[in-house]
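The next block holds one structure in the form of C-alpha coordinates; read it before the comments.
The values are calculated or read from the model by the stated rules, or taken from the named source; none is laboratory data. Because the structure is a prediction, the values reported are computed rather than measured. Glycine gets a Cβ as well: all are built from the backbone with ideal geometry, and neighbour counts include every protein chain shown. The accessibility values were calculated without ligands, DNA or RNA, using every heavy atom of the protein model including side chains. Shrake-Rupley method; radii C 1.70, N 1.55, O 1.52, S 1.80 Å.
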Amino acid sequence: MSSHKRDWFSNARFGMFVHYGAYAVAGRGEWVLNRENIPYEEYTAKYVEPFKAENYNPREWARLAKRTGMKYVVLTTRHHDGFALWNTQTTDFNAVLLGPRKDLVKEFVEAIRAEGLKVGLYYSVADWHHADYPYAYCRDWPEGWSDEASKHRFFAHYTAQLKELMTQYGKIDLLWYDGCLPKPTEGREINEWIYTVQPDILINNRNGDPYDFVVCEQTIKPAEPGIAWEACMTLNDNWGYHSGDHNYKSAKDVLGMLIQIASRSGNLLLNVGPLPSGDIPAQSVEILEQVGRWLTTFGEGIYGTERSELMWNNMSQLTIKDNRLFIYFHNDPGNEFCLAEISNKVEQAYYLDTGDAVSFEQHGNRIFLRDLKLDFSRYLIPCIVLELDGKAAPARKAEGFWIVD
Ligand code: GLC
(Lines give C-alpha, C1' and ligand atoms only; values in the text may rest on other atoms or scores of the structure.)
Protein backbone atom coordinates (compact mmCIF):
# COMPACT_ATOMS: atom_id res chain seq x y z
CA MET A 1 0.00 0.00 0.00
CA SER A 2 1.39 3.36 -0.91
CA SER A 3 1.78 5.75 1.93
CA HIS A 4 2.00 9.47 1.61
CA LYS A 5 2.39 12.17 4.22
CA ARG A 6 -1.03 13.46 3.22
CA ASP A 7 -2.84 10.15 3.87
CA TRP A 8 -4.00 10.97 7.38
CA PHE A 9 -5.39 14.29 6.18
CA SER A 10 -7.19 12.72 3.24
CA ASN A 11 -9.02 10.37 5.57
CA ALA A 12 -9.52 12.71 8.52
CA ARG A 13 -12.57 14.65 7.30
CA PHE A 14 -13.01 16.55 10.51
CA GLY A 15 -10.84 18.80 12.64
CA MET A 16 -11.23 21.39 15.38
CA PHE A 17 -10.15 24.98 14.85
CA VAL A 18 -9.49 26.90 18.06
CA HIS A 19 -9.37 30.69 18.02
CA TYR A 20 -7.95 31.54 21.39
CA GLY A 21 -6.16 34.66 22.53
CA ALA A 22 -6.37 37.86 24.56
CA TYR A 23 -9.22 39.08 22.35
CA ALA A 24 -11.43 36.51 24.12
CA VAL A 25 -11.41 38.86 27.12
CA ALA A 26 -13.11 41.55 25.06
CA GLY A 27 -15.63 38.97 23.85
CA ARG A 28 -16.19 40.79 20.59
CA GLY A 29 -14.30 38.60 18.15
CA GLU A 30 -10.63 38.35 17.18
CA TRP A 31 -10.57 41.51 15.05
CA VAL A 32 -11.60 43.72 17.97
CA LEU A 33 -8.34 45.71 18.12
CA ASN A 34 -8.55 46.71 14.50
CA ARG A 35 -12.32 47.15 14.28
CA GLU A 36 -12.47 49.41 17.31
CA ASN A 37 -9.15 51.19 16.70
CA ILE A 38 -7.94 50.19 20.14
CA PRO A 39 -4.47 51.57 20.91
CA TYR A 40 -2.03 48.85 22.04
CA GLU A 41 -1.60 50.35 25.47
CA GLU A 42 -5.30 50.06 26.10
CA TYR A 43 -5.48 46.59 24.49
CA THR A 44 -2.69 45.35 26.74
CA ALA A 45 -4.18 46.78 29.92
CA LYS A 46 -7.78 45.81 29.27
CA TYR A 47 -7.42 42.52 27.48
CA VAL A 48 -3.91 41.08 27.43
CA GLU A 49 -3.05 41.39 31.11
CA PRO A 50 -6.47 40.19 32.34
CA PHE A 51 -6.18 37.20 29.99
CA LYS A 52 -5.33 34.54 32.57
CA ALA A 53 -6.30 31.28 30.86
CA GLU A 54 -7.05 30.05 34.36
CA ASN A 55 -8.82 26.87 33.24
CA TYR A 56 -6.53 26.25 30.31
CA ASN A 57 -6.63 22.51 29.72
CA PRO A 58 -6.00 21.56 26.11
CA ARG A 59 -6.30 17.92 27.15
CA GLU A 60 -10.02 18.65 27.64
CA TRP A 61 -10.19 20.27 24.21
CA ALA A 62 -8.52 17.21 22.73
CA ARG A 63 -10.92 14.85 24.47
CA LEU A 64 -13.87 16.87 23.27
CA ALA A 65 -12.45 16.85 19.75
CA LYS A 66 -12.13 13.07 19.95
CA ARG A 67 -15.67 12.61 21.23
CA THR A 68 -16.80 14.81 18.36
CA GLY A 69 -15.09 12.52 15.87
CA MET A 70 -12.38 15.00 14.98
CA LYS A 71 -8.89 13.86 14.02
CA TYR A 72 -6.84 17.04 14.36
CA VAL A 73 -6.84 20.31 16.24
CA VAL A 74 -5.48 23.65 15.02
CA LEU A 75 -4.67 26.40 17.52
CA THR A 76 -4.14 30.12 16.78
CA THR A 77 -0.57 30.42 18.07
CA ARG A 78 -0.61 34.07 17.09
CA HIS A 79 -3.48 35.92 15.52
CA HIS A 80 -3.33 39.28 13.73
CA ASP A 81 -3.12 41.13 17.06
CA GLY A 82 0.43 39.86 17.37
CA PHE A 83 0.07 38.34 20.83
CA ALA A 84 2.19 35.19 20.71
CA LEU A 85 0.89 32.31 22.81
CA TRP A 86 4.29 30.67 23.10
CA ASN A 87 7.65 31.31 24.67
CA THR A 88 9.22 33.47 21.99
CA GLN A 89 12.42 35.48 21.89
CA THR A 90 11.09 37.59 19.01
CA THR A 91 8.79 39.88 21.01
CA ASP A 92 7.84 40.70 24.59
CA PHE A 93 4.23 40.67 23.55
CA ASN A 94 3.76 37.03 24.49
CA ALA A 95 1.88 34.78 26.89
CA VAL A 96 4.91 33.93 29.00
CA LEU A 97 5.63 37.56 29.91
CA LEU A 98 2.05 38.88 29.92
CA GLY A 99 -1.40 37.56 30.77
CA PRO A 100 -1.35 33.78 31.33
CA ARG A 101 2.41 33.76 32.02
CA LYS A 102 2.90 30.37 30.50
CA ASP A 103 3.64 28.75 27.19
CA LEU A 104 0.18 27.86 25.92
CA VAL A 105 1.50 26.34 22.71
CA LYS A 106 3.74 23.88 24.52
CA GLU A 107 0.85 22.59 26.62
CA PHE A 108 -1.36 22.47 23.56
CA VAL A 109 1.05 20.42 21.48
CA GLU A 110 1.68 17.96 24.30
CA ALA A 111 -2.01 17.54 25.07
CA ILE A 112 -3.14 17.02 21.50
CA ARG A 113 -0.37 14.55 20.85
CA ALA A 114 -1.06 12.68 24.09
CA GLU A 115 -4.65 12.15 22.98
CA GLY A 116 -3.46 10.70 19.69
CA LEU A 117 -4.67 13.55 17.50
CA LYS A 118 -2.75 15.44 14.85
CA VAL A 119 -1.28 18.77 15.91
CA GLY A 120 -2.02 21.86 13.84
CA LEU A 121 -0.64 25.36 14.39
CA TYR A 122 -2.38 28.38 12.96
CA TYR A 123 -0.06 31.29 12.34
CA SER A 124 -0.99 34.72 11.01
CA VAL A 125 1.72 36.24 8.88
CA ALA A 126 -0.01 39.57 9.41
CA ASP A 127 1.04 41.11 12.71
CA TRP A 128 -0.61 44.41 13.64
CA HIS A 129 1.65 44.76 16.64
CA HIS A 130 4.92 44.83 14.75
CA ALA A 131 6.36 48.26 14.00
CA ASP A 132 7.13 47.29 10.42
CA TYR A 133 3.71 45.91 9.60
CA PRO A 134 2.36 48.58 7.24
CA TYR A 135 -0.73 49.59 9.18
CA ALA A 136 -2.49 47.86 12.06
CA TYR A 137 -5.69 49.80 11.69
CA CYS A 138 -6.09 49.40 7.95
CA ARG A 139 -9.52 48.77 6.53
CA ASP A 140 -8.76 45.13 5.69
CA TRP A 141 -5.19 44.54 4.62
CA PRO A 142 -2.43 46.95 3.70
CA GLU A 143 -1.56 47.33 0.05
CA GLY A 144 2.15 48.03 0.19
CA TRP A 145 5.23 48.18 2.40
CA SER A 146 6.42 51.55 3.59
CA ASP A 147 9.88 50.71 2.23
CA GLU A 148 12.08 47.73 1.42
CA ALA A 149 13.93 47.89 4.72
CA SER A 150 10.79 47.56 6.80
CA LYS A 151 9.64 44.73 4.60
CA HIS A 152 12.90 42.91 5.25
CA ARG A 153 12.71 43.51 8.97
CA PHE A 154 9.16 42.23 9.01
CA PHE A 155 10.10 39.09 7.08
CA ALA A 156 12.96 38.47 9.48
CA HIS A 157 10.48 38.77 12.36
CA TYR A 158 7.85 36.42 11.09
CA THR A 159 10.24 33.83 9.80
CA ALA A 160 12.06 33.86 13.17
CA GLN A 161 8.71 33.19 14.86
CA LEU A 162 7.97 30.32 12.52
CA LYS A 163 11.41 28.87 13.15
CA GLU A 164 10.65 28.79 16.85
CA LEU A 165 7.28 27.16 16.33
CA MET A 166 8.77 24.60 14.00
CA THR A 167 11.70 23.64 16.22
CA GLN A 168 10.64 24.10 19.85
CA TYR A 169 7.77 21.63 20.08
CA GLY A 170 8.71 18.45 18.27
CA LYS A 171 6.68 17.10 15.43
CA ILE A 172 4.02 19.44 14.05
CA ASP A 173 1.56 17.87 11.63
CA LEU A 174 0.03 20.91 10.05
CA LEU A 175 0.75 24.60 9.58
CA TRP A 176 -2.25 26.80 8.94
CA TYR A 177 -1.26 30.19 7.57
CA ASP A 178 -3.59 33.12 7.64
CA GLY A 179 -3.63 36.90 7.35
CA CYS A 180 -2.34 39.05 4.56
CA LEU A 181 0.89 40.77 3.77
CA PRO A 182 1.15 43.09 0.81
CA LYS A 183 1.27 41.00 -2.36
CA PRO A 184 3.02 39.12 -3.85
CA THR A 185 2.99 36.28 -1.34
CA GLU A 186 6.57 35.28 -0.72
CA GLY A 187 6.37 32.18 1.43
CA ARG A 188 8.56 29.96 -0.72
CA GLU A 189 11.80 30.34 1.14
CA ILE A 190 10.38 29.80 4.62
CA ASN A 191 8.13 26.95 3.49
CA GLU A 192 11.03 25.14 1.90
CA TRP A 193 12.97 25.56 5.12
CA ILE A 194 10.01 24.26 7.13
CA TYR A 195 9.95 21.10 5.03
CA THR A 196 13.57 20.47 5.94
CA VAL A 197 12.85 20.48 9.68
CA GLN A 198 9.31 19.08 9.53
CA PRO A 199 9.36 16.77 6.50
CA ASP A 200 5.87 15.38 7.11
CA ILE A 201 4.15 18.66 7.79
CA LEU A 202 1.17 19.75 5.71
CA ILE A 203 1.04 23.46 4.90
CA ASN A 204 -1.99 25.33 3.66
CA ASN A 205 -1.96 27.64 0.66
CA ARG A 206 -2.32 30.99 2.39
CA ASN A 207 1.33 31.89 2.18
CA GLY A 208 1.82 30.86 -1.42
CA ASP A 209 3.84 28.00 -2.95
CA PRO A 210 4.77 25.36 -2.03
CA TYR A 211 1.79 24.01 -0.11
CA ASP A 212 0.00 20.73 0.53
CA PHE A 213 -3.65 21.64 0.72
CA VAL A 214 -5.98 24.47 -0.15
CA VAL A 215 -8.57 26.05 2.12
CA CYS A 216 -11.87 27.77 1.67
CA GLU A 217 -13.42 29.88 4.40
CA GLN A 218 -17.10 30.01 5.38
CA THR A 219 -18.01 28.27 2.15
CA ILE A 220 -17.77 24.79 0.68
CA LYS A 221 -15.74 24.98 -2.48
CA PRO A 222 -14.14 21.66 -3.40
CA ALA A 223 -10.71 21.90 -4.98
CA GLU A 224 -9.92 20.35 -8.34
CA PRO A 225 -9.74 16.54 -8.23
CA GLY A 226 -6.46 15.31 -6.82
CA ILE A 227 -5.89 18.38 -4.62
CA ALA A 228 -6.35 18.03 -0.88
CA TRP A 229 -8.71 20.64 0.53
CA GLU A 230 -10.38 21.82 3.66
CA ALA A 231 -13.32 24.10 4.40
CA CYS A 232 -13.13 26.07 7.64
CA MET A 233 -16.34 27.18 9.27
CA THR A 234 -17.44 28.98 12.39
CA LEU A 235 -19.92 27.29 14.70
CA ASN A 236 -21.72 30.59 15.30
CA ASP A 237 -20.80 33.74 13.34
CA ASN A 238 -17.41 34.50 14.91
CA TRP A 239 -14.03 32.83 15.17
CA GLY A 240 -12.84 34.35 18.42
CA TYR A 241 -15.19 34.28 21.42
CA HIS A 242 -18.05 36.74 21.06
CA SER A 243 -20.29 37.08 24.09
CA GLY A 244 -23.27 38.35 22.11
CA ASP A 245 -23.20 35.82 19.30
CA HIS A 246 -25.69 33.03 19.93
CA ASN A 247 -26.31 32.31 16.30
CA TYR A 248 -25.11 28.73 16.46
CA LYS A 249 -25.44 26.21 13.71
CA SER A 250 -27.37 23.15 14.81
CA ALA A 251 -25.78 19.72 14.97
CA LYS A 252 -27.79 18.87 11.89
CA ASP A 253 -26.38 21.90 10.05
CA VAL A 254 -22.86 20.81 10.97
CA LEU A 255 -23.51 17.26 9.82
CA GLY A 256 -25.02 18.51 6.57
CA MET A 257 -21.80 20.41 5.86
CA LEU A 258 -19.65 17.48 6.89
CA ILE A 259 -21.48 15.06 4.59
CA GLN A 260 -21.33 17.48 1.69
CA ILE A 261 -17.60 17.93 2.23
CA ALA A 262 -17.05 14.18 2.62
CA SER A 263 -18.83 13.58 -0.70
CA ARG A 264 -16.08 15.59 -2.38
CA SER A 265 -13.34 14.13 -0.17
CA GLY A 266 -12.50 17.34 1.68
CA ASN A 267 -12.17 18.09 5.39
CA LEU A 268 -14.23 20.29 7.65
CA LEU A 269 -12.25 22.40 10.11
CA LEU A 270 -14.91 23.51 12.56
CA ASN A 271 -14.17 26.38 14.88
CA VAL A 272 -14.65 26.93 18.58
CA GLY A 273 -13.85 30.19 20.36
CA PRO A 274 -12.99 29.44 24.00
CA LEU A 275 -13.79 31.87 26.78
CA PRO A 276 -10.81 33.76 28.23
CA SER A 277 -10.58 31.08 30.94
CA GLY A 278 -9.95 28.42 28.30
CA ASP A 279 -13.35 26.77 28.66
CA ILE A 280 -15.22 26.12 25.46
CA PRO A 281 -18.69 27.73 25.63
CA ALA A 282 -21.30 25.25 26.86
CA GLN A 283 -23.49 25.66 23.81
CA SER A 284 -20.60 24.78 21.51
CA VAL A 285 -19.82 21.71 23.59
CA GLU A 286 -23.41 20.54 23.44
CA ILE A 287 -23.52 20.78 19.65
CA LEU A 288 -20.19 19.00 19.26
CA GLU A 289 -21.27 16.18 21.56
CA GLN A 290 -24.38 15.66 19.48
CA VAL A 291 -22.33 15.60 16.29
CA GLY A 292 -19.97 13.08 17.89
CA ARG A 293 -22.76 10.75 18.96
CA TRP A 294 -24.12 10.73 15.42
CA LEU A 295 -20.69 10.00 13.96
CA THR A 296 -20.23 6.99 16.23
CA THR A 297 -23.12 5.35 14.42
CA PHE A 298 -22.89 6.93 10.98
CA GLY A 299 -19.22 7.81 10.51
CA GLU A 300 -18.51 4.84 8.25
CA GLY A 301 -19.63 6.79 5.20
CA ILE A 302 -17.78 9.95 6.23
CA TYR A 303 -14.17 8.97 7.02
CA GLY A 304 -11.98 7.89 4.15
CA THR A 305 -14.63 8.49 1.53
CA GLU A 306 -13.61 9.02 -2.05
CA ARG A 307 -14.43 11.99 -4.16
CA SER A 308 -17.72 11.42 -5.91
CA GLU A 309 -19.12 13.29 -8.87
CA LEU A 310 -22.67 12.23 -8.10
CA MET A 311 -25.25 14.98 -8.19
CA TRP A 312 -27.86 16.30 -5.84
CA ASN A 313 -31.33 15.16 -4.93
CA ASN A 314 -33.53 16.94 -2.45
CA MET A 315 -33.85 14.10 0.06
CA SER A 316 -30.31 13.02 0.65
CA GLN A 317 -26.59 13.47 0.19
CA LEU A 318 -24.44 10.71 -1.22
CA THR A 319 -20.96 9.60 -0.26
CA ILE A 320 -18.94 6.75 -1.70
CA LYS A 321 -16.29 4.38 -0.43
CA ASP A 322 -15.02 1.31 -2.32
CA ASN A 323 -18.16 -0.43 -3.66
CA ARG A 324 -20.54 1.20 -1.20
CA LEU A 325 -22.84 4.14 -1.63
CA PHE A 326 -24.06 5.89 1.52
CA ILE A 327 -27.37 7.68 1.27
CA TYR A 328 -27.66 10.21 4.09
CA PHE A 329 -31.24 11.43 4.42
CA HIS A 330 -31.57 15.04 5.52
CA ASN A 331 -35.23 15.02 4.54
CA ASP A 332 -37.73 12.28 5.23
CA PRO A 333 -38.67 10.61 1.94
CA GLY A 334 -41.68 8.84 3.48
CA ASN A 335 -41.80 5.13 2.86
CA GLU A 336 -40.28 5.06 -0.60
CA PHE A 337 -37.25 6.66 -2.17
CA CYS A 338 -36.11 6.49 -5.77
CA LEU A 339 -32.45 7.01 -6.53
CA ALA A 340 -31.73 7.59 -10.21
CA GLU A 341 -28.12 8.59 -9.95
CA ILE A 342 -25.93 5.55 -10.55
CA SER A 343 -25.54 3.03 -13.32
CA ASN A 344 -24.36 0.16 -11.11
CA LYS A 345 -26.22 -2.94 -10.13
CA VAL A 346 -27.28 -2.93 -6.48
CA GLU A 347 -26.40 -6.11 -4.65
CA GLN A 348 -27.63 -5.27 -1.18
CA ALA A 349 -29.28 -2.43 0.66
CA TYR A 350 -29.28 -1.97 4.43
CA TYR A 351 -29.67 0.57 7.22
CA LEU A 352 -26.28 1.74 8.41
CA ASP A 353 -27.27 1.82 12.09
CA THR A 354 -28.78 -1.67 12.41
CA GLY A 355 -27.52 -3.54 9.37
CA ASP A 356 -31.14 -4.58 8.67
CA ALA A 357 -31.92 -5.16 5.03
CA VAL A 358 -33.91 -2.61 3.05
CA SER A 359 -36.15 -3.99 0.32
CA PHE A 360 -35.39 -2.61 -3.09
CA GLU A 361 -36.18 -3.02 -6.73
CA GLN A 362 -34.02 -1.89 -9.58
CA HIS A 363 -35.26 -0.87 -13.03
CA GLY A 364 -32.23 0.18 -15.01
CA ASN A 365 -30.77 3.14 -13.21
CA ARG A 366 -33.89 3.74 -11.14
CA ILE A 367 -33.45 2.16 -7.75
CA PHE A 368 -36.56 2.00 -5.56
CA LEU A 369 -36.03 1.61 -1.84
CA ARG A 370 -39.28 0.41 -0.30
CA ASP A 371 -41.04 0.09 3.07
CA LEU A 372 -38.62 2.51 4.58
CA LYS A 373 -38.32 2.81 8.32
CA LEU A 374 -35.95 5.69 8.68
CA ASP A 375 -35.86 6.75 12.30
CA PHE A 376 -35.87 10.54 12.21
CA SER A 377 -37.06 10.70 15.80
CA ARG A 378 -33.85 9.04 16.86
CA TYR A 379 -31.33 10.24 14.31
CA LEU A 380 -30.78 13.67 12.83
CA ILE A 381 -29.73 12.17 9.51
CA PRO A 382 -30.33 8.44 9.04
CA CYS A 383 -28.45 6.49 6.40
CA ILE A 384 -28.96 3.59 4.01
CA VAL A 385 -26.04 1.81 2.40
CA LEU A 386 -26.13 0.29 -1.07
CA GLU A 387 -23.58 -2.34 -1.91
CA LEU A 388 -22.85 -2.19 -5.58
CA ASP A 389 -21.18 -4.33 -8.20
CA GLY A 390 -18.29 -1.85 -8.28
CA LYS A 391 -17.48 1.76 -7.55
CA ALA A 392 -20.55 4.00 -7.90
CA ALA A 393 -20.64 5.39 -11.41
CA PRO A 394 -22.86 8.32 -12.38
CA ALA A 395 -25.82 7.35 -14.55
CA ARG A 396 -25.82 10.73 -16.27
CA LYS A 397 -23.18 12.53 -18.11
CA ALA A 398 -21.83 15.52 -16.21
CA GLU A 399 -23.00 18.68 -17.88
CA GLY A 400 -23.00 22.33 -17.04
CA PHE A 401 -25.43 23.55 -14.49
CA TRP A 402 -27.14 26.77 -15.38
CA ILE A 403 -26.58 29.40 -12.73
CA VAL A 404 -26.66 33.15 -13.22
CA ASP A 405 -23.29 34.62 -12.26
C1 GLC B 1 -9.90 35.37 8.30
C2 GLC B 1 -9.86 36.29 9.47
C3 GLC B 1 -9.44 35.64 10.71
C4 GLC B 1 -9.77 34.19 10.89
C5 GLC B 1 -9.60 33.41 9.62
C6 GLC B 1 -10.02 31.96 9.69
O7 GLC B 1 -8.77 35.39 7.55
O8 GLC B 1 -9.03 37.41 9.26
O9 GLC B 1 -9.81 36.38 11.78
O10 GLC B 1 -8.86 33.70 11.80
O11 GLC B 1 -10.25 34.04 8.61
O12 GLC B 1 -9.95 31.36 8.45
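Details
- Note on the stretch 183-216: residues that are within 16 Å of the ligand (Cβ to nearest atom) and open to solvent by 80 Å² or more (accessible area, probe 1.4 Å) total 2.
- Summed over the stretch 283-317, the residues that are crowded, with 20+ Cβ neighbours inside 10 Å and β-branched (V, I, T) give a count of 4.
- Selection count, the stretch 157-214, where residues are touching a residue at least 24 places away in the same chain (Cβ under 8 Å) and either outside the structural domain of I261 (by TED's automatic domain parsing) or of a type in the set (A, V, I, L, M, F, W, C) (or both): 18
- Taking first residues from the stretch 244-271 that are among the charged types (D, E, K, R) and partners that are assigned to a loop (DSSP other than H, G, I, E, B) and more than 15 Å from the ligand (Cβ to nearest atom), the Cβ contacts under 7 Å between residues at least 6 apart in sequence or on separate chains come to K252/L380; K252/I381; R264/P222; R264/R307.
- Selection of the stretch 9-33 for residues being more than 15 Å from the ligand (Cβ to nearest atom), open to solvent by less than 10 Å² (accessible area, probe 1.4 Å) and assigned to a helix (DSSP H, G or I) yields F9, A12.
- Residue check, I227 open to solvent by less than 10 Å² (accessible area, probe 1.4 Å) and more than 16 Å from the ligand (Cβ to nearest atom): no
- Per the conditions (1) surrounded by fewer than 22 Cβ atoms within 10 Å (Cβ to Cβ); (2) under 30 Å from D389 (Cα atoms); (3) more than 19 Å from the chain's Cα centre (by Cα), the sole criterion not satisfied by M257 is (3).
- Within the stretch 313-355, the set of residues being more than 12 Å from A393 (Cα to Cα), among the acidic types (D, E) and under 34 Å from the mean Cα position of the chain (by Cα) comprises D332, D353.
- Failed item in (1) open to solvent by less than 20 Å² (accessible area, probe 1.4 Å); (2) out of contact with any Leu (no Cβ under 6 Å at 6 or more places or on another chain), with V96 passing the rest: (1)
- Those residues of the stretch 230-243 which are in contact (Cβ under 8 Å) with a residue 60 or more places away in the chain and within 11 Å of the ligand (Cβ to nearest atom), in sequence order: E230, C232, N238, W239, G240
- Count - residues of the stretch 101-141 that are within 18 Å of D173 (Cβ to Cβ), within 16 Å of the ligand (Cβ to nearest atom) and hydrophobic (A, V, I, L, M, F, W, C): 1
- Across the stretch 159-182, the number of residues qualifying as outside any loop (DSSP other than H, G, I, E, B) and within 16 Å of the ligand (Cβ to nearest atom) comes to 5.
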